[in-house]
Each structure stands twice: as structure tokens, then as C-alpha cells.
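Data block below; observations after.
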Amino acid sequence: MIARSRGARIRSNVFAYANLAPYVFFVLFPFYFMVVTSFKSNAELYNLKSIPFWIQSGAIMDHYALLFQKTDFVTWMKNSLLVATVATTASVIISILAGYSLARLRFRGAGSFGTAVFITYLVPQTLLFLPLSQVVAWLGLSDSILALMITYPTFLVPFCTWLLMGYFRTIPREVEECALVDGATRMQTLWKVVLPMAVPGIICAVLFSFTLCWNEFTYALTFISQSANKTAVVGVTSDLIRGDIYFWGSLMAGALLASIPIVVVYVLFLDYYVSGLTAGAVKG
Amino acid sequence: MSSRARVTARRRREVGLAYLLLAPTLLLLGGVLAYPLGWEVWTSFTSLSPRQEGGTAFVGLENYRRHLEDPQFWIAATVTVVHAVVTTVAKLALGLGFALLLARPFRGRALVFLAVFLPWAYPASVSVIGWYWTLSPPITTAYSVFMGTLKYAVDGALGTGAWAFLSVTLFNIWRGSSFIGVLLLAGINAVPPELFEYATLESKSAWQRFWVVTVPLLRPFLALGVFLSLTTGFADLANVWMLTAGRIVFPIIGTHAYWLAIKAGEFGSASALSLMLVPFLLAALLVLFRLFDPPEREAA
């Protein structure tokens, strides 16, 4: 370890803060603005003379009340949670297998298989929902959250496979070869040696998949029509924007509440993520 | 059994296992995606439209030819490429910056980390409303007068729709740099710290260390980031649609195709248009795959 002077450490901290501050502002401003809007009375919201960035005439809960009393918000949240959990679990398991196979097992055509998996990413999603909705209808899943559980893995698996492939490659081959020489099978090696070492990568894949599911919009919008089967993101935007009428306050309230599970998931894993990083950084 | 035969047998088992592990992926992609992909390719050769009278005709490459002759296509193509390249470069630069800053411990890091994470973690379809609200305030307040003036100044200088396009780009960078930052942070996390330590001792300057050590070590993650950034940049639909309230003045290929299919009902033409991106993306993918998996390692 190279000892650094106190001055150098302070300088580097100041450098980090100074660089991050403008960005943190850039990042947080829209959220702040949404929070302010969600607690504002309509009278103030539409008042030309009011100041948009804070609340002058008292915060109100009306917009939140409307969300819980007049819409299926709770059901949407439940649907989102269910879809995201099932699709993420399935996708990450499938991707671990595929990623390991592509990263470690040498076979003819490993490269082309890898490319083939990603080709599916190349066809822009723009129009894919049209024929995909036919597939969903054939499977008898129209207007059901099962349709989303089946279709989400199609974009999660290529992504997670690539991510995990990168992770598996960072694990030194020698570790695995030791296990193999000791008589373990490939599957045992994967399960007992590789997976424990790839935990940060797997967590990363879970986080990303969960987020992608939770935030998916096009499929959730086109495959589902009943309000009771909608996901949170679609429910909030489709039921609170009616034609040209925007329920701005409730829209912001819904947008904020709908994202809480994501934030919770991140906070839960944050410790792990950061402590993993610190474990590395402290040594250096 | 000779040792050579044993090795061969093990190799064969391994190849079998490799296919077995890939099977679920292939089953899923083949079962769910094969038809939609095929449909899109086939449709691009036909005149399919829900509004036409009579049957759907096979028109060969007609749809493609018409796009190539259409000046609108070239405008959309230019805008798309500029949009994708600008956003990708900005996202990589910002993302790499965060990843490197956040890789070192400092007080309050967990909070900064969460803040950096938020734009990506937050549902785009919802945060885009926040942006719309911020950049193009729809109801009249003191704030919207100010933003309106700004919008007209930008549109006046760069042409109508410039503000909308700028807000799309800004939103894309806002969201994407967060994603890439976290992705690269995971990458840094995956590199054994000893490698970085060794590199610190060996290299002369921080700049040199960055190019000779950090970038090559992060290569797979950089490649994945660039690839995803390019595909979303090319096909970014929902966000453009929302931020510009459907009034698209600077069309990118994705929105143009969506417009053709949904508003104009020309499925054939729209499919052709969105498929015209594929060769470019494929080229990008192949280059990135090369970076990700250099041939000299494959030979081992």
C-alpha cells in the first residue's frame, strides 16, 4: 500500500465532490420538481404568479388520495411486482447457464451462438410488438400478466447473458481447473466454485433485469387492456392522462410512488454493492 | 483408456454440456421471438397494410427502394446517427467518470451512488414526464414563460423542433450515463484489486494508467455499454414520442417507422424502414464482439 499524505487525500475528496455536485443536481432536479408538484394544490399549480419550485400555499395530499381511491394503483403495483420477480428469476437462471457455456466451454460455433443471441437485440423493438402480440394471442395469454412474464425474458436473457459472460471471464481459469482436477464435474464447478465468485455479477444482473421489467412500457401497454391487469408504470400514465387532460398532481404522485419498490431494491443491494467495492478499494 | 482418449471423451461431454446449457436460451428466443422476427422480415417485402383494399402483394425490394429515394429517409438517417453517436459518447464519458470517482471510498459515497443510480432505476416512461414538465412546461406558470422564451430562442437559432430534439438528447444522456456508470462500476468491481494495485506501481501517470490498464480491463463492459447505447439510440421510440408529444420534427428512424406503421398504416414500408438499421447495428455488434473477445484469446 502506498501511503498518501492527508493533504492528498483531502484534495482527492474535494475533487470527487466538486465533480459530482453538478451532476447530482442534474440528476435530482426532475425528481425534486415532481415531488413539489405532487403536493401542490391545483389552484397554485395553475396560478401564473406562483413560484414553480416550491410550495407556497401549503402541501396537500389530494393528489395521493385520488390515486388510491379513484384508480387501481395498488393492483398495478402488485402486478408489476409479480411480473418483475418471475421474469427476473427465470431470466437470470437461464442466463447463468448460457453465459457460463459461452464463456468457458470451448465448442465449435461458440462465437456464432453468442452473436445469434444478440442478433435478437438488433431488430428494433419499434414494430416487434405487432407480431409479438399475435404470438401472445396464440399462446392464449392475451390481456394477462402471463404474457409479460413470457415476453420480458426475450430481452432480458441476451442482456444478462452478455453481462454474466463478462463476469465469468474475470474469474481465473486456474481456480476452476483445480476443482476439475480434483474430480468435480463441470456442473459442480459452476455451482460450487464459479457462482460464489460471480455473486456481484449476478446481483448486477438481477438489479438490471428487475429494473428493465419494472420500467418496460411498450409491451405492457399493448398486450394488456384491462385496468386490473396493468403494470404500475402503464397504469399511472394511461389512466391519469386522458386524451389531452393531464392529472398533473396525481401523475407526479403516481410516478413517485410507483418507483418506490425500485428504490427499495437498490437500497437493499446498495450495501452489498458498495461494500464489495470498498473491500477492493481499501487495499489499494 | 489412453490419456488422449480420455481427453477426447471429456471434450465431447463438455460440448454436449455446452449445448445443454444453451438450450433454454435458444428455446426461449426461438419459441417466442422467431415468429415476430420472421414476420417483420417477410412484411418488409410486401405491401401489407390494414387499410389497403384487396390482398397483400409481394413487392420484393420495392419498400427499401422507395425509402432510399425518399429525402425524408436521409434526414431521419442523419438525425439518427448523430443522435446515437452524440449520446453514446456523452454517456460513456460521463458514465466512466462516475464509475472511476465512485470506485474510491469517500464520505457520503453511498448517497451519491444512489443519486447517480436514480435516473436509470426510475421508470423512463414516468421520469420522462418529469422532464417534459421541466423542459416544456405545458401549463402556464412564471416558470413556463421563461422556458418558452428559451425554447423559442433555441428553435429560432437552430430551426423548429431543435428544442424538442435537444430535450430528447439530454434525457437520453441523463438516463444512459447513469446506466453506463453503474455497469462500469460493476466492471471495476469484477477486476481483482491486485491488478489495479500492480498497475498503480507500474505506470507513470494517472492518464497512462487509465488508458493502459483501466480501459482494457473494462473492455467487455465498455463493449456492452456501447452496444446497448447504440441500439437504444437508434430505436429510442417511447421517449422521443413522449418528450415531443408526438409532434416529431426531427424524426429518428424508430419514430419514423412507428409513425408509418401506426398512423399511416403502412406495415410493409415501416418494417423495411426499421430493418434498414440492422446491417449497421450488426456491423457495430461484430466490431464490439471482436473487442470483447479478442481472437488471440480464442486460440488458446
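The values are calculated or read from the model by the stated rules, or taken from the named source; none is laboratory data. Source: prediction; values computed, not measured. Cβ atoms come from the backbone with ideal geometry, glycine included; neighbour counts cover every protein chain shown.
Which one is nearest to the other protein chains (Cβ to nearest Cβ) among residues in the stretch B:265-300 that are part of a loop (DSSP other than H, G, I, E, B) and at pLDDT 75 or above? If you could, list the steps in order and put the result at the bottom.
Within the stretch B:265-300, the subset part of a loop (DSSP other than H, G, I, E, B) is B:265-266, B:276-277, B:293-294, B:299-300.
Of the ones still in play, those that are also at pLDDT 75 or above are B:265-266, B:276-277.
On the way: B:265: 12, B:266: 11, B:276: 10, B:277: 6 Å.
Restricting to residues being part of a loop (DSSP other than H, G, I, E, B) and at pLDDT 75 or above, the top hit is B:277.
Name the single residue that is nearest to residue B:284 (Cα to Cα) among those in the stretch B:91-105 being small (Gly, Ala, Ser) and crowded, with 19+ Cβ neighbours inside 10 Å. Walk me through it before giving the result.
In the first step, residues of the stretch B:91-105 are kept if they are small (Gly, Ala, Ser); the result is B:93, B:95, B:97, B:99, B:103.
Going one step further and asking which of them are crowded, with 19+ Cβ neighbours inside 10 Å, we end up with B:95, B:99, B:103.
Working: B:95: 20, B:99: 24, B:103: 29 Å.
Step by step, filter the stretch B:91-105, then rank; the result is B:95.
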Original post:
Of all residues in the stretch A:225-260 being out of contact with any helix residue (DSSP H, G or I) (no Cβ under 7 Å at 6 or more places or on another chain) and part of a loop (DSSP other than H, G, I, E, B), which is farthest from the other protein chains (Cβ to nearest Cβ)?
Top reply: A:226
**OP:** Could you check, for the stretch B:180-202, whether at least one of its residues is at pLDDT 75 or above, closer than 30 Å to residue B:153 by Cβ and more than 8 Å from every other protein chain (Cβ to nearest Cβ)?
**Re:** no
**OP:** Could you figure out which of (1) more than 20 Å from residue B:285 (Cα to Cα); (2) facing chain B (nearest Cβ under 7 Å) isn't true of residue A:171?
**Re:** (2)
Subject >> Tally of residues being surrounded by fewer than 13 Cβ atoms within 10 Å (Cβ to Cβ) and touching a Lys or Arg at 6+ places or on another chain (Cβ under 9 Å) across the stretch A:167-180 >> reply: 1
Original post:
Is it the case that residue A:250 is polar (S, T, N, Q) and modelled with pLDDT of 85 or more?
Top reply: no
Original post:
residue B:82: of a type in the set (Val, Ile, Thr), in a helix (DSSP H, G or I), modelled with pLDDT of 75 or more and farther than 26 Å from residue B:253 by Cα, yes or no?
Top reply: no
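Answer with yes or no whether residue B:34 is modelled with pLDDT under 85 and within 30 Å of residue B:274 (Cα to Cα).
Working: modelled with pLDDT under 85: yes; within 30 Å of residue B:274 (Cα to Cα): yes.
Answer is yes for this residue.
What residue, of A:82, A:122, A:67, is hydrophobic (A, V, I, L, M, F, W, C) and either closer than 30 Å to residue B:287 by Cα or within 12 Å of chain B (Cβ to nearest Cβ) (or both)? So that I can check it myself, show each step before the final result.
Numbers: A:82 fails: either closer than 30 Å to residue B:287 by Cα or within 12 Å of chain B (Cβ to nearest Cβ) (or both); A:67 fails: either closer than 30 Å to residue B:287 by Cα or within 12 Å of chain B (Cβ to nearest Cβ) (or both).
Selected residue: A:122, the only one of A:82, A:122, A:67 that is hydrophobic (A, V, I, L, M, F, W, C) and either closer than 30 Å to residue B:287 by Cα or within 12 Å of chain B (Cβ to nearest Cβ) (or both).
So that you can scan it fast, the table gives a plain yes or no per residue for (1) away from every other protein chain (no Cβ under 14 Å); (2) touching a strand residue (DSSP E or B) at 6+ places or on another chain (Cβ under 7 Å); (3) touching a residue at least 40 places away in the same chain (Cβ under 8 Å):
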residue: B:34; (1), (2), (3): no, no, no
residue: B:40; (1), (2), (3): no, no, yes
residue: B:45; (1), (2), (3): yes, yes, yes
residue: B:48; (1), (2), (3): no, no, yes
residue: B:58; (1), (2), (3): yes, yes, no
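Give the residues of the stretch B:48-79 that are hydroxyl-bearing (Ser, Thr, Tyr) and modelled with pLDDT of 80 or more, sorted by residue number.
If we filter the stretch B:48-79 for residues that are hydroxyl-bearing (Ser, Thr, Tyr), which is where we start, we get B:49, B:56, B:64, B:78.
Once the filter is applied, which keeps residues that are hydroxyl-bearing (Ser, Thr, Tyr) and modelled with pLDDT of 80 or more, the stretch B:48-79 yields B:64, B:78.
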Subject >> Hits in the stretch A:137-162 (condition: in contact (Cβ under 8 Å) with a residue 24 or more places away in the chain and either facing another protein chain (nearest Cβ under 9 Å) or of a type in the set (Phe, Trp, Tyr) (or both)) >> reply: A:151, A:152, A:153, A:154, A:155, A:157, A:158, A:159, A:161, A:162
Original post:
Considering only the stretch A:28-42, how many residues are within 9 Å of chain B (Cβ to nearest Cβ) and surrounded by 20 or more Cβ atoms within 10 Å (Cβ to Cβ)?
Top reply: 3
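From the list A:164, A:141, A:148, A:130, which residue is of a type outside the set (Ser, Thr, Tyr), farther than 27 Å from residue B:291 by Cβ and surrounded by 22 or more Cβ atoms within 10 Å (Cβ to Cβ)?
On the way: A:164 fails: farther than 27 Å from residue B:291 by Cβ; A:141 fails: surrounded by 22 or more Cβ atoms within 10 Å (Cβ to Cβ); A:130 fails: surrounded by 22 or more Cβ atoms within 10 Å (Cβ to Cβ).
Result of the check over A:164, A:141, A:148, A:130: A:148.
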Subject >> Meets criteria (modelled with pLDDT of 85 or more and under 23 Å from the mean Cα position of the chain (by Cα)) for residue A:218 >> reply: no
Subject >> Failed item in (1) more than 8 Å from chain B (Cβ to nearest Cβ); (2) surrounded by fewer than 23 Cβ atoms within 10 Å (Cβ to Cβ); (3) within 22 Å of the chain's Cα centre (by Cα), with residue A:183 passing the rest >> reply: (3)
Original post:
Looking at this structure, is residue A:175 under 30 Å from residue A:223 (Cα atoms) and not in a loop (DSSP other than H, G, I, E, B)?
Top reply: no
Original post:
Of all the residues that make up the stretch A:12-42, how many are small (Gly, Ala, Ser) and either on the phi > 0 side of the Ramachandran plot or at pLDDT below 75 (or both)?
Top reply: 2
